Each structure stands twice: as C-alpha cells, then as structure tokens.
Amino acid sequence: RLFDLDPDLLPLFQYNCKQFANPQECLSAPEFLDHIRKVMLVIDAAVSHLENLSCLEEYLCNLGKKHQAVGVKVESFSTVGESLLYMLEKCLGTAFSPDVREAWSKLYGAVVKAMRRGWDTLPEGD
C-alpha cells in the first residue's frame, strides 16, 4: 500500500547500494522485511507504553534523526500512517470501528510527533 500511495518512496529503500526496479522487488527483499519488523516493534513499544509514551521520547527522537539522515521527509510519515490504518482496517474488518481508527491515529500521531523532534533538534545547516 505504501508504494501505491507514494511511488517516490521506493528509492529510499536501498540496501547494500542496490536500487529496486519495482515495488515487488523491494517488498520481497529480506532487508525490507526486516525494516517492516522494526517498524512494527516501534508500534508495539508505543502500544505497550500507551500510558507513558514519554519514556520512549528520546528513542523516537533519535529514530527521527536517523530517518532524516537517510533522506526521509517528515511528510512521508503521513503516507506510512495511511498505510498502517489501511492494513489495520483490512485485518480487523468490522472491528475497525471509527473509535478504533481514531485511537490508532492518535497513537501513530504521538509516535510521529516524537520522531519529528529529531528533525527539529538538528542545528541549522545540517
């Protein structure tokens, strides 16, 4: 879903200097699958610390810095969030109520807000 929404994100996923010719090639790469596992671990950590997301603040800020360093734009996280909600809706079916959608949107928004601080904390010109 991610590459359907924004095909320009594909070049960001280069592993060992290899450029993927198409989304399917990227989606089947072990490195990409490992990246997806890491994304889901961050989501899992956020869910596990729902009552105290501030304990993840420094980690998420540093994660934001890492993403900025490899050329990810803050705006791309909206596309990732849209993809996450799409996946949840497909997996949960009718259980994905408007309240559930709102809860996941808020959680993801809090994670992205913390990651954005990684962009905000870099000195001018970096």
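Figures for the structure shown
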quantity: Qualifying residue in the range 95-105 (condition: touching a Cys at 6+ places or on another chain (Cβ under 8 Å), open to solvent by less than 90 Å² (accessible area, probe 1.4 Å) and in a helix (DSSP H, G or I)); calculated: no
quantity: Any hit, the range 35-47, residues being in contact with a strand residue (DSSP E or B) (Cβ under 9 Å, 6 or more places away or on another chain), within 27 Å of residue 89 (Cβ to Cβ), open to solvent by less than 80 Å² (accessible area, probe 1.4 Å) and modelled with pLDDT of 90 or more; calculated: yes
quantity: Pick from the range 85-94, criterion over 15 Å from residue 2 (Cβ atoms) and of a type in the set (A, V, I, L, M, F, W, C), ranking: surrounded by the most Cβ atoms within 10 Å (Cβ to Cβ); calculated: 92
quantity: Qualifying residue in the range 67-79 (condition: open to solvent by less than 70 Å² (accessible area, probe 1.4 Å) and either at positive phi or touching a Pro at 6+ places or on another chain (Cβ under 9 Å) (or both)); calculated: yes
quantity: Residue among 125, 118, 93 that alone is over 19 Å from residue 40 (Cβ atoms), modelled with pLDDT of 90 or more and over 12 Å from the mean Cα position of the chain (by Cα); calculated: 93
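The values are calculated or read from the model by the stated rules, or taken from the named source; none is laboratory data. Bear in mind the structure is a predicted one, so any value in this text is a computation, not a measurement. No Cβ is skipped: glycine too gets one built from the backbone with ideal geometry, and neighbour counts run over all protein chains shown. Note: areas computed on protein heavy atoms with side chains; ligands, DNA, RNA excluded. Shrake-Rupley method; radii C 1.70, N 1.55, O 1.52, S 1.80 Å.
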